[in-house]
1. Just the residues that are surrounded by fewer than 19 Cβ atoms within 10 Å (Cβ to Cβ) and at pLDDT below 95, please, taken from segment 211-237.
2. Just one of (1) on the phi < 0 side of the Ramachandran plot; (2) out of contact with any Pro (no Cβ under 8 Å at 6 or more places or on another chain); (3) within 14 Å of the ligand (Cβ to nearest atom) trips up Thr150, so point out which.
3. Within segment 71-166, which strands (runs of 3 or more DSSP E) (wholly inside it) include 1 or more residues that are under 19 Å from Leu17 (Cβ atoms) and touching a residue at least 60 places away in the same chain (Cβ under 8 Å)?
4. With (1) surrounded by fewer than 21 Cβ atoms within 10 Å (Cβ to Cβ); (2) within 20 Å of Thr139 (Cα to Cα) as the list, and Leu21 as the residue in question, which single condition is left unmet?
5. Taking Asp319, is it under 30 Å from Val118 (Cβ atoms), at pLDDT 95 or above and not in a loop (DSSP other than H, G, I, E, B)?
6. Quick one: which residue in Thr450, Thr408 is outside the structural domain of Glu221 (by TED's automatic domain parsing) and not aromatic (Phe, Trp, Tyr)?
7. Would you check if Arg105 is of a type in the set (Lys, Arg) and open to solvent by less than 10 Å² (accessible area, probe 1.4 Å)?
8. Filter segment 403-434 down to the residues that are part of a loop (DSSP other than H, G, I, E, B), open to solvent by 10 Å² or more (accessible area, probe 1.4 Å) and either in contact with a Ser or Thr (Cβ under 6 Å, 6 or more places away or on another chain) or of a type outside the set (Gly, Ala, Ser) (or both) and list them by number.
Amino acid sequence: MATSTDVPNLKINSSRLMTSLHESCEFGKAHPYGTHETETGMARLALNDADKAVRKWYIQQAESLGCKITIDQMGNVFAVRPGKDSTAPPVMMGSHLDTQPTGGRYDGILGMLAGLEVLRTLHDSKYQSEGSIGVVNWTNEEGARFPIITVSSAVWSGALPIEAAWKCKEVTPSPDGNRYTMKEELERIGFMGHHPASYEAQPIAAHFELHIEQGPILEDERRKIGVVTGGQAYKWFEVVIKGRDSHAGTTPMAARKDSVLAAAKMIVESNKIAKAHSGLITTGIIEMEPGSVNTMAHTTRFTLDIRHPSDTVMAQIEDECRKRFSAIAADDSERGVSLEWRQLTANPAVTFHQDCISVIEQAAEDTTADLPRTSEDGKLWKHMVSGAGHDSFHTSRRCPTGMIFTPTRDGLSHTPTEYCSAEDCALGAQVLLGAVLRYDRLRAEMGLLTEK
Ligand SMILES: [Zn+2]
């Protein structure tokens with residue numbers, strides 16, 4: 001496979017990166033937890049007024065570097081710095097500026113501000129890249145306000161029709177009591193672009209995303225960089241159990257059709273099955289009807305979130321759960337309850353592109369070469385599989401994609417105290433710069449560009 005190590009030794013400015021990151025967090029800051037002005041979380045839900053303000057701020061910063069801005073019909077913002085060949089599709093660094101309602105300052109935001117810092121570094125040194133390089137802000141990545149995660153990269157990749165995204169309504173009503181759609185809010189904040197939201201209209205040569213790990217592995221192993229090789233498969237289900245409601249004091253134990261008891265047994269069983277396959281399984285929601293202390297519930301609904309890096313093992317876990325749940329439902333001691341599975345979402349495992357993985361490895365090796373060897377084996381980066389979903393999963397279906405992880409304090413994310421140290425943010429941004437420059441050189445070497 002082709003490799004390229006011949007890239008200039010440019011260094012990002014770490015204090016400028018952190019100053020800008022915190023400046024951008026002035027839009028939508030919330031949930032203070034400490035005394036320092038940067039010790040707050042974020043509540044910058046997609047397409048709210050704070051999101052509008054940070055988007056305008058971001059565009060201004062990018063325009064001052066000579067970037068061309070394109071806004072598509074999902075409000076995705078593409079800021080592109082022209083290269084020697086400005087006609088070929090750009091290499092993009094992408095992530096998101098929206099947050100959870102009780103979010104932190106790093107999830108998504110680090111990737112966006114590191115991308116800006118890379119462009120500033122290129123601008124300062126008047127570096128002429130072979131092809132164009134840019135940053136993209138994907139709208140409503142979190143799925144917190146409008147409940148479809150990574151919805152806008154999904155539309156761009158062709159995985160979701162734009163009408164389905166546009167009509168998605170906010171989960172919580174706005175202060176005026178209305179629940180607005182994504183389309184209405186895109187129009188309201190002035191980010192309904194004219195450009196079609198599609199790969200065909202806005203092709204990308206490669207997509208690189210720097211993101212906090214959101215888990216404990218890098219910190220536990222005292223490493224600095226995760227080179228992400230892909231994302232695990234995940235499926236969501238709602239399982240509905242129907243039994244019979246009857247009096248808690250007069251129905252003998254042997255005469256019951258208790259939907260809660262059956263659900264409880266199934267959840268315990270699902271946990272054993274996932275563990276046996278080294279997978280993950282989670283029940284996050286349980287609802288019972290009618291909901292009375294002295295009446296058995298006639299209906300119990302619970303969710304299952306199943307994850308595994310392999311599609312095959314994922315299917316085995318699902319299959320075993322289905323068999324065991326059916327057996328529990330039919331069990332004589334529960335006197336037979338009915339069981340129904342409803343699939344909410346299905347996402348196959350994602351494998352990132354080897355060229356992207358290689359240039360990230362080289363950049364990680366270079367960037368960490370002179371640091372103290374803190375990990376047990378002395379290596380400061382490792383291959384990882386992403387546990388969470390990201391926009392990069394959708395881009396990988398259309399263009400070579402890679403992701404870089406940075407350590408996350410205590411593995412905590414989606415919380416105001418979410419934290420990645422300034423040193424680790426800077427290392428991540430430096431790896432992003434190194435990877436993008438290597439990829440830029442690589443595609444020139446592969447003859448994919450023409451000098452204009
Ligand atoms: Zn994120």
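The values are calculated or read from the model by the stated rules, or taken from the named source; none is laboratory data. These numbers were taken from a predicted model, which means no experiment stands behind them. So basically every Cβ, Gly included, is an ideal-geometry build from the backbone, and we count neighbours across all protein chains shown. Accessible surface areas use protein heavy atoms only, side chains included; no ligands, DNA or RNA. Shrake-Rupley method; radii C 1.70, N 1.55, O 1.52, S 1.80 Å.
1. Trp236
2. (1)
3. The qualifying strands (runs of 3 or more DSSP E) are 91-95, 133-137.
4. Only one criterion is unmet by Leu21, namely (1).
5. Considered against the rule, which asks whether it is under 30 Å from Val118 (Cβ atoms), at pLDDT 95 or above and not in a loop (DSSP other than H, G, I, E, B), Asp319 comes out as no.
6. Working: Thr408 fails: outside the structural domain of Glu221 (by TED's automatic domain parsing).
Sole residue among the options that is outside the structural domain of Glu221 (by TED's automatic domain parsing) and not aromatic (Phe, Trp, Tyr): Thr450.
7. yes
8. Taking segment 403-434 and keeping what is part of a loop (DSSP other than H, G, I, E, B), we get 407-408, 412-421.
If we keep only those that are open to solvent by 10 Å² or more (accessible area, probe 1.4 Å) too, we end up with 407, 412-417, 419, 421.
Result: Pro407, Leu412, His414, Thr415, Pro416, Thr417, Tyr419.
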